[in-house]
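Enquirer: This is the structure I want to talk about, given as structure tokens.
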Amino acid sequence: MKTRIILAFASFALLALAPPSVLAQGSLEGTVSDENGMPLPDVQVAITALNIGDLTDADGNYTIEQVPAGTHMVDFRLIGYEPVSMQATVTDGETVRLDATMNEAVILLEAVAVVGSRAQPRTVTESMVPIDIIRSSDITDQGDTDFANLLRNVVPSFNVNIQPISDAATFARPANLRSLAPDHTLVLINGKRRHRTAVITWYGNGLADGSQGPDIALIPGLALEQAEVLRDGAAAQYGSDAIAGVMNFVLKDDRSGGSVEVKTGGNLLGDTSNRVDRGVLPGDGDMYSISANVGLPLGEEGFVNLTGEFGNTLPTDRSVQRNDANRLIASGNTRVREPAQIWGSPEVSNEIKLWVNAGHPINDQMETYGHGNYVTKQVEGGFYFRNPNTRSGVYGTTNADDEDILLVGDLLDAQDGVLDGSAGCPEVRVENGVVSDQAAWNEVLNNPNCFTFQKILPGGFTPQFGANVLDASAVAGVRGTRGNMNWDASASWGKSNMDFYMYNTVNSSLGPNQPCSNEGASPHVPDQECTPYFHPGIYDQQEINFNLDLSYPLSDKINLAGGGEWRQERFEIEQGDEPSWVEGPLATQGFTPGSNGFTGFGPLTVGDWARSNFAGYGDVEYRDLELDRNLSVAGRIENFSDFGRTINGKVAGRIGFTESFALRASLSTGFRAPTPGQQNAFNISTIYDPEIMDLTNNGTIPSTSLLAEQYGGRPLGPEKSVNKALGTVFEKGPFILSADFFQITLTDRLTTSQNFTLSPADVQRLLQEGIIRPGGVLARFRFFINDFETRTRGLDVVGSYRMEGQAGATTTFSAAWNWTSTKVTDFNSSTLSDTRIRILQEGLPNIRGNVTVNHAFANEKTSVLVRASYWGGYYDGEQPYYESDPGNTIDYPARTLFDVEATHSFTDYLAFTLGAQNVLNTFPEEYPGAAAGVGNTYGQFTPFGFNGAFYYARIRYNFDWE
């Protein structure tokens, strides 16, 4: 197989280098200049019909030889200038002169990409690999303020969902490209690596479990010039993580003018609970944002471009009252809330996004540049409802006969440390979730030395979990030219910090001595004497990068590039307040220690782990304008301080067969290094287990612990990939169509293992290793694994057509479709369960697509956009769909959503927009087990969301000055 691949690419290279036929009888020469008479280098001068041409030199001169006698159309093209076409008549044996003048123009952002090549930028259709270019307006002309959602709506191979009760993943939602993990995609800002979030996705949508990727939701859309999505493996060019592809976000660099935008909206048709419906608009999910972008001059030629955004988003609720809560109410417990548990989007408060991009020339051959950001916000959501009669370790337990009883603490035994039943507390039976022995229950209530949490939280409780998020970065560099050499030296620093908090929960081992505080007052908390408040601790991720990039054109056809990178990343867990992790006096009586829902980081959990790596790369690129053929070969060697060396390579090429039709192909190897956090962090969370239909305390332990090794754990190594791609491009006038097939084979893939139930011997081993403390709360555990393989295949089809109407009206039709199929080809059955395999293969829709029609009326003041988005069926491993038999789960059915938007410009500066996402208020299929389970009407991992229609209004004022 490898021999056939090598022969195929060798043939490809020979074909690309084949000489043209000698057909010409004359020649053509001239000079290309701008409107001020200055020569323009690197202009593409081509007689397109003959597939011959030249690039202008530093003085703007060109020569095309062997041109057939006759009259020909000559095309002049240069990025940033309006194209020019002129006729020239060539006479046999003579040289004809044809000079041209080109005028500056606004770059067509959807057509020019920098990512994917270290040579001169080129149009998307000229690229050797598939690239999506998303204009700033395509991103900002939507109602949502979350950038990840905006991108999902226009790139079918990109997926992100709400993550309503997903631990810390609620605060930095994992996003997937080509159905791979979030950290399989490299994110760049202005071509520089973006740091990853501090959040390890302990519980995502199954597919993302254990991942730690960058959080692109922190980017304000108004700051962007364009977004580039490279849909191909690129680890040989850019390093670790670039397995599924690369996303490069280009910031605006205007030195004058700007815009101010106010946006508001909500889920106006939302059928929500009263305590969530607290906004101005009907329904729920009210949001507003105020953003501004301004370009300022820096000296005579430099610039500073600033963007700021402030916003708030209220939560949503799509829950039904749980059956167990209804039984409690029917039995006379009037303190149970309606609904007992909220299911919806979290609340985002006081979100501030500040971004800057700057550049200034030092001289004619050198410039300085930099960009950075500072983002803060508070994100808060709910956890699962704790039933006041049955929640184990807090309210309930079982007796020696395995019968349900209330968990009653003996405070006298807690004081003297001797478990002899000093207080004489009776056993209180519970049947079907309701207290059945009223006499024993009254005895407990009347005995001050018998403690139950029903005495302080009689209606049960639903913990509120939140984080104060801080994200910051700074990039500075110098780039320039020396002769024909282009060079770029830069340094960068990035930080992601998650400061967690919890309230309306308990450390049950503390009994009645909870850390009560009014800091946790909110509509989600009932009127109660004590609302416990905890600070579980902090996750902090910091990265430092130093880069040197070199590019040298050997000729107008061959470009050499190379460089080096040194990077360090550090992950730290900072200790929480003592009540969030300590074992209280009731721990020995079955009351679980630590803040319930998300145990705080104690002395055994905290740590600071770092690693560094050095990389060197090189590539050579051949480009023949006359033959319309490209070939690129790249290689990269990288050495990591924790697991050693990795070498990767890539070959890519493109052949244009006609002016309109071309084929492109690539073959590459890639890798992703496990992060320090994935290798060392330890976590305990309360999760819902659909197999037992109840909450359970679940832990993720280091894979190198003795207990993990007993169940198949081992030291983590890099994931390795082989990417293959073959595509075609067709461009004819206003019509563009591309189709690209890809295959990604991943070995040593990393995720979390299946869950293992802890035996008493296992608990003792964890105690001996110092992983948990005495009285620990773990019921099950898992660890990171590196021992399975997947094969992902897919097809991307992207097309657009622009139609000119009468009197200047224009209509643009665009469509993008993605088919992706992942198969687990090899695995260890002792560490990866059948359910996890199904999630990896079916957790996201195999087919996604959208069709967009954008019409601008002849008056140039009004435009209308309509978008239809198709989402194929998917499997939800936590709330699986079924029609009659809960044991026979099937995929949730497909859905098609429609978006509409209308914009009217009252002046050249002022525009008003009304729009709706999911205008028909389409919902996913309802989860049949909602009331019997945890109350969620829809599966929480629905890829397109479950909030229904979102209606919005936006007003934008553009200003300009010179």
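The values are calculated or read from the model by the stated rules, or taken from the named source; none is laboratory data. All values reported here derive from a predicted model rather than from experimental measurement. Please note: Cβ atoms are built from the backbone with ideal geometry, for glycine as well, and neighbour counts cover all protein chains shown. Calculation scope for accessible area: heavy atoms of the full protein, side chains included, ligands and nucleic acids excluded. Shrake-Rupley method; radii C 1.70, N 1.55, O 1.52, S 1.80 Å.
Enquirer: Filtering region 748-784 down to residues that are in contact with a Phe, Trp or Tyr (Cβ under 9 Å, 6 or more places away or on another chain) and of a type in the set (Phe, Trp, Tyr), which residue is modelled with the lowest pLDDT?
Expert: So in region 748-784, the residues in contact with a Phe, Trp or Tyr (Cβ under 9 Å, 6 or more places away or on another chain) come out as 748-753, 755-758, 762, 766, 771-773, 775, 780-783.
When the remaining residues are screened for being of a type in the set (Phe, Trp, Tyr), the result is 756, 781, 783.
Working: Phe756: 86, Phe781: 83, Phe783: 88.
Ranking the qualifying residues of region 748-784, first place goes to Phe781.
Enquirer: Given the criterion aliphatic (A, V, I, L, M), outside the structural domain of Asn161 (by the TED database) and assigned to a loop (DSSP other than H, G, I, E, B), identify the matching residue among Ala868, Ala858, Ala902.
Expert: Being aliphatic (A, V, I, L, M), outside the structural domain of Asn161 (by the TED database) and assigned to a loop (DSSP other than H, G, I, E, B) holds for just one of Ala868, Ala858, Ala902, which is Ala858.
Enquirer: Could you list all residues from region 454-466 that are buried (at least 24 other Cβ atoms within 10 Å of the Cβ) and under 18 Å from Val434 (Cα atoms)?
Expert: Leu457, Gly460, Phe461, listed by residue number.
Enquirer: Residues of region 580-608 being closer than 13 Å to Val506 by Cα and open to solvent by 40 Å² or more (accessible area, probe 1.4 Å), which ones?
Expert: Glu583
Enquirer: Could you check Asp317 against (1) free of Cβ contacts under 8 Å to residues at least 60 places away in the same chain; (2) surrounded by fewer than 22 Cβ atoms within 10 Å (Cβ to Cβ); (3) closer than 22 Å to Pro164 by Cα and say which number it fails?
Expert: Just one mismatch for Asp317, condition (2).
Enquirer: What is the number of the single condition among (1) closer than 30 Å to Gly929 by Cα; (2) part of a loop (DSSP other than H, G, I, E, B); (3) not basic (Lys, Arg) that Asp324 does not meet?
Expert: Unmet for Asp324, out of (1) closer than 30 Å to Gly929 by Cα; (2) part of a loop (DSSP other than H, G, I, E, B); (3) not basic (Lys, Arg): (2).
Enquirer: Is it the case, given these coordinates, that Ile6 is at pLDDT below 80 and within 22 Å of Thr89 (Cα to Cα)?
Expert: It is false that Ile6 is at pLDDT below 80 and within 22 Å of Thr89 (Cα to Cα).
Enquirer: For region 293-313, how many residues are under 28 Å from Thr376 (Cα atoms) and either open to solvent by 40 Å² or more (accessible area, probe 1.4 Å) or of a type in the set (S, T, N, Q) (or both)?
Expert: So the count comes out to 10.
Enquirer: Now a separate question. May I ask you to say which residue of Glu351, Glu347 is acidic (Asp, Glu) and open to solvent by 30 Å² or more (accessible area, probe 1.4 Å)?
Expert: It is Glu347.
Enquirer: Another question about this same structure. So which residues in region 518-566 are assigned to a loop (DSSP other than H, G, I, E, B), open to solvent by 40 Å² or more (accessible area, probe 1.4 Å) and without any contact (Cβ under 8 Å) to a residue 60 or more places away in the chain, if there are any at all?
Expert: Scanning region 518-566 gives Ala521, Asp527, Leu554, Ser555.
Enquirer: Next question. Here is a list: Asp420, Asp471. Which entry is open to solvent by 30 Å² or more (accessible area, probe 1.4 Å), of a type in the set (Asp, Glu) and either assigned to a loop (DSSP other than H, G, I, E, B) or touching a helix residue (DSSP H, G or I) at 6+ places or on another chain (Cβ under 7 Å) (or both)?
Expert: Asp420
Enquirer: Applying the selection to region 362-380, what residues are open to solvent by less than 10 Å² (accessible area, probe 1.4 Å) and farther than 30 Å from Leu298 by Cα?
Expert: Val379 - this is the single residue of region 362-380 that is open to solvent by less than 10 Å² (accessible area, probe 1.4 Å) and farther than 30 Å from Leu298 by Cα.
Enquirer: Shifting gears a bit: Being β-branched (Val, Ile, Thr) and either open to solvent by less than 10 Å² (accessible area, probe 1.4 Å) or part of a helix (DSSP H, G or I) (or both) is the filter here; which residues of region 381-417 pass it? Spell out the reasoning first.
Expert: Applying the first criterion (β-branched (Val, Ile, Thr)) to region 381-417 yields 390, 394, 397-398, 405, 408.
Once the filter is applied, which keeps residues that are β-branched (Val, Ile, Thr) and either open to solvent by less than 10 Å² (accessible area, probe 1.4 Å) or part of a helix (DSSP H, G or I) (or both), region 381-417 yields only Val394.
Enquirer: Also, I was wondering about something else. Would you pick out the residues in region 657-678 that are surrounded by fewer than 20 Cβ atoms within 10 Å (Cβ to Cβ), outside any strand (DSSP E or B) and modelled with pLDDT of 85 or more?
Expert: Phe657, Thr658, Ser660
Enquirer: Any residue that is outside any loop (DSSP other than H, G, I, E, B) and open to solvent by 40 Å² or more (accessible area, probe 1.4 Å) - is there at least one of those in region 926-946? Talk me through it step by step, then tell me what you get.
Expert: We begin by selecting, within region 926-946, every residue outside any loop (DSSP other than H, G, I, E, B); these are 936.
Filter again for open to solvent by 40 Å² or more (accessible area, probe 1.4 Å), leaving none.
No, because not a single residue in region 926-946 is outside any loop (DSSP other than H, G, I, E, B) and open to solvent by 40 Å² or more (accessible area, probe 1.4 Å).
Enquirer: Could you please tell me which pairs satisfy a Cβ distance under 7 Å, a separation of 6+ or placement on different chains, a first residue in region 340-356 that is touching a residue at least 12 places away in the same chain (Cβ under 8 Å), and a second residue that is buried (at least 22 other Cβ atoms within 10 Å of the Cβ) and acidic (Asp, Glu)?
Expert: Pairs that qualify, where the first residue is touching a residue at least 12 places away in the same chain (Cβ under 8 Å) and the partner is buried (at least 22 other Cβ atoms within 10 Å of the Cβ) and acidic (Asp, Glu), are Ile342/Asp317; Trp343/Asp317; Gly344/Asp317; Lys353/Glu309.
Enquirer: Looking only at region 874-884, decide whether some residue is surrounded by fewer than 16 Cβ atoms within 10 Å (Cβ to Cβ), free of Cβ contacts under 8 Å to residues at least 12 places away in the same chain and more than 23 Å from Asn267 (Cα to Cα).
Expert: Scanning region 874-884, I find at least one residue that is surrounded by fewer than 16 Cβ atoms within 10 Å (Cβ to Cβ), free of Cβ contacts under 8 Å to residues at least 12 places away in the same chain and more than 23 Å from Asn267 (Cα to Cα), so the answer is yes.
Let's see how each residue does on (1) open to solvent by 60 Å² or more (accessible area, probe 1.4 Å); (2) assigned to a strand (DSSP E or B); (3) outside the structural domain of Arg954 (by the TED database):
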position	(1), (2), (3)
Val262	yes, yes, no
Asp271	yes, no, no
Gly279	no, no, no
Gly285	no, yes, no
Ser289	no, yes, no
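Enquirer: Looking at region 418-427, is at least one residue in contact (Cβ under 8 Å) with a residue 24 or more places away in the chain and β-branched (Val, Ile, Thr)?
Expert: no
Enquirer: Next question. Check region 820-840 and report whether any residue there is more than 27 Å from Gly915 (Cβ to Cβ), small (Gly, Ala, Ser) and assigned to a strand (DSSP E or B).
Expert: Yes: one or more hits.
Enquirer: Test each condition in (1) in contact (Cβ under 8 Å) with a residue 40 or more places away in the chain; (2) under 30 Å from the mean Cα position of the chain (by Cα); (3) surrounded by 20 or more Cβ atoms within 10 Å (Cβ to Cβ); (4) over 17 Å from Arg386 (Cα atoms) for Tyr501 and report the one that comes out false.
Expert: Checking Tyr501 against (1) in contact (Cβ under 8 Å) with a residue 40 or more places away in the chain; (2) under 30 Å from the mean Cα position of the chain (by Cα); (3) surrounded by 20 or more Cβ atoms within 10 Å (Cβ to Cβ); (4) over 17 Å from Arg386 (Cα atoms), the one that fails is (1).
Enquirer: Scan (1) closer than 30 Å to Gly635 by Cβ; (2) at pLDDT 80 or above for the single condition Ala175 breaks and write down its number.
Expert: Exception for Ala175: condition (2).
Enquirer: When you scan region 571-594, do you find a residue that is part of a strand (DSSP E or B), free of Cβ contacts under 8 Å to residues at least 60 places away in the same chain and under 27 Å from the mean Cα position of the chain (by Cα), even just one?
Expert: yes
Enquirer: I've got another one for you. Taking region 29-49 as the search range and keeping residues that are modelled with pLDDT of 80 or more and of a type in the set (Gly, Ala, Ser), which one is most open to solvent (accessible area, probe 1.4 Å)?
Expert: Gly37
Enquirer: Looking at region 609-633, which of its residues are farther than 25 Å from Pro718 by Cα and open to solvent by less than 20 Å² (accessible area, probe 1.4 Å)?
Expert: Glu621, Asp624, Asn630, Ser632
Enquirer: Right, here's the next one. Considering only residues that are closer than 26 Å to Ile200 by Cα and among the aliphatic types (A, V, I, L, M), which ones fall in region 518-551?
Expert: Selection gives Ile538, Ile544.
Enquirer: Tell me yes or no: at least one residue of region 55-68 is open to solvent by less than 60 Å² (accessible area, probe 1.4 Å), among the acidic types (Asp, Glu), within 21 Å of Thr658 (Cα to Cα) and in contact (Cβ under 8 Å) with a residue 12 or more places away in the chain.
Expert: no
Enquirer: Further question on the same structure: Of Ser705, Ser753, which residue is among the polar types (S, T, N, Q), closer than 26 Å to Gln679 by Cβ and in contact with a helix residue (DSSP H, G or I) (Cβ under 6 Å, 6 or more places away or on another chain)?
Expert: The unique qualifying residue is Ser705.
Enquirer: From the list Ser863, Ser814, which one is at pLDDT below 90, surrounded by 16 or more Cβ atoms within 10 Å (Cβ to Cβ) and more than 23 Å from Leu707 (Cα to Cα)?
Expert: Ser814
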